[in-house]
Amino acid sequence: NKYFDMGEMGVGSCVQGYSNDEIDAAAKRAIDNGGMCSLNAPEEVEVAKEGAKNTIYFNLQGQRVNEPKKGEIYIKDGKKIIK
């Protein structure tokens, strides 16, 4: 048997999208069954901020961009985005 601990920061795991199909499915089942009720821990804000800092953007010429400007096109995680 496999068990996923949804007791600590489980909601944030869903919101932040860890991209694990098994965890996503387990979280959805817990929500559908009404068995998942928690508030996000304050630490999750810090985790999200750190994750945002570690996001790497490139311009269309392939150069790394430290501070993307609003309204311009960039590459992030291999996909074109408009910041």
Residue hits (the range 1-46; modelled with pLDDT of 60 or more, exposed (fewer than 14 other Cβ atoms within 10 Å of the Cβ) and among the β-branched types (Val, Ile, Thr)) are 45
Flagged in the range 70-83 as of a type outside the set (A, V, I, L, M), at pLDDT 90 or above and surrounded by 10 or more Cβ atoms within 10 Å (Cβ to Cβ), in numbering order, are 72, 74
Report yes if some residue within the range 52-60 is out of contact with any Ser or Thr (no Cβ under 7 Å at 6 or more places or on another chain) and part of a strand (DSSP E or B); otherwise report no.
yes
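The values are calculated or read from the model by the stated rules, or taken from the named source; none is laboratory data. On a predicted model such as this, the values are computed, not experimentally measured, just so you know. Note: ideal-geometry Cβ built from the backbone for every residue, glycine included; neighbour counts use all protein chains shown.
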